[in-house]
1. Six or more apart or on different chains, Cβ atoms under 8 Å: show the pairs whose first residue is in segment 10-26 and in the same structural domain as residue 55 (by TED's automatic domain parsing) and under 24 Å from residue 90 (Cβ atoms) and whose second is hydroxyl-bearing (Ser, Thr, Tyr) and at pLDDT 95 or above.
2. Sort through 58, 45 and tell me the only one that's farther than 28 Å from residue 91 by Cβ and out of contact with any strand residue (DSSP E or B) (no Cβ under 8 Å at 6 or more places or on another chain).
3. Of the residues that make up segment 115-127, is at least one under 11 Å from the mean Cα position of the chain (by Cα), among the β-branched types (Val, Ile, Thr) and within 30 Å of residue 143 (Cβ to Cβ)?
4. Filtering segment 37-84 down to residues that are aromatic (Phe, Trp, Tyr) and away from the ligand (no atom under 16 Å from the Cβ), which residue is nearest to residue 1 (Cα to Cα)?
5. For segment 65-91, give me each residue that is surrounded by fewer than 13 Cβ atoms within 10 Å (Cβ to Cβ) and part of a helix (DSSP H, G or I).
6. Name the residues in segment 1-55 that are assigned to a strand (DSSP E or B) and either open to solvent by 60 Å² or more (accessible area, probe 1.4 Å) or over 26 Å from residue 85 (Cβ atoms) (or both), would you?
7. Could you count how many residues in segment 92-119 are more than 8 Å from the ligand (Cβ to nearest atom), of a type outside the set (Phe, Trp, Tyr) and either open to solvent by less than 70 Å² (accessible area, probe 1.4 Å) or outside any loop (DSSP other than H, G, I, E, B) (or both)?
8. Can you work out which of the residues in segment 135-153 that are charged (D, E, K, R) and within 15 Å of residue 113 (Cα to Cα) is surrounded by the fewest Cβ atoms within 10 Å (Cβ to Cβ)?
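The values are calculated or read from the model by the stated rules, or taken from the named source; none is laboratory data. On a predicted model such as this, the values are computed, not experimentally measured, just so you know. Because the Cβ atoms are built from the backbone with ideal geometry, glycine has one as well, and the counts that use them run over all protein chains shown. The protein model used for the area step is the full one, side chains on, heavy atoms only, and it has no ligands, DNA or RNA in it. Shrake-Rupley method; radii C 1.70, N 1.55, O 1.52, S 1.80 Å.
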Amino acid sequence: MTVEIHNFDPAMAPAGKTVVRVMFDSDYEYWRRLREDEAAYAAEKDRIADAVVLALEKRFPGLSAQVEMRDVATPLTFRRYTGNWQGSFEGWQITPANWKKQIKKTLPGIEDFYMCGQWVEPGGGIPAVAMSGRNVIQIICKKDKKKFATTRR
Ligand SMILES: Cc1cc2nc3c(=O)[nH]c(=O)nc-3n(C[C@H](O)[C@H](O)[C@H](O)COP(=O)(O)OP(=O)(O)OC[C@H]3O[C@@H](n4cnc5c(N)ncnc54)[C@H](O)[C@@H]3O)c2cc1C
């Protein structure tokens, strides 16, 4: 279980409170089917929240008595908020086959069209997508025979 304790970030919770975030891999199709029965969907989210708090209690005795709010986001939640396919939160899942794969940033037959972002950088994430945008600009500069220059702040 990966646990992120956001006690360093005052933007996450009011003074004196802390957000603890736990993430798991999950199957979109499982949740999509479950969502057809709203009560079952809500019950499963509750069951998971209970199990997570119980597991955290073992590591941090006394934690469960201090929990004031719980929120469970599923792949359907990420789909709704980000529009991403199957609620994937960082694009393609990294596998041994794709982890070093380079995806082309252009498509055959479409002039002056470039792609950047998590779906062309397996693994995604903020640093990778920022670099993806930068790299596309570099490709365009080369095509336009312009010097590619960067600045740092
Ligand atoms: C809950 C969550 C937690 C995350 N945590 C981390 C983390 O801790 N660290 C990390 O590095 N990464 C994290 N990520 C992943 C990271 O946020 C993404 O990989 C990254 O934001 C993807 O950037 P992007 O530019 O490819 O896509 P997006 O940020 O999704 O940008 C795509 C943009 O295109 C717009 N758009 C879509 N369709 C159209 C259209 N037809 N016309 C015009 N605009 C359109 C969208 O509105 C959006 O603004 C997290 C993601 C989620 C969902």
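1. Cβ pairs passing all conditions: 12/18; 26/74.
2. One residue alone meets the criteria, 58.
3. Within segment 115-127 (the criterion being under 11 Å from the mean Cα position of the chain (by Cα), among the β-branched types (Val, Ile, Thr) and within 30 Å of residue 143 (Cβ to Cβ)), the answer is yes, since at least one residue qualifies.
4. Here the answer is 60.
5. Residues satisfying the conditions are 65, 66, 80, 81, 82, 85.
6. Within segment 1-55, 2, 3, 4, 5, 20, 21, 23 qualify.
7. Residues meeting the conditions: 6.
8. 144
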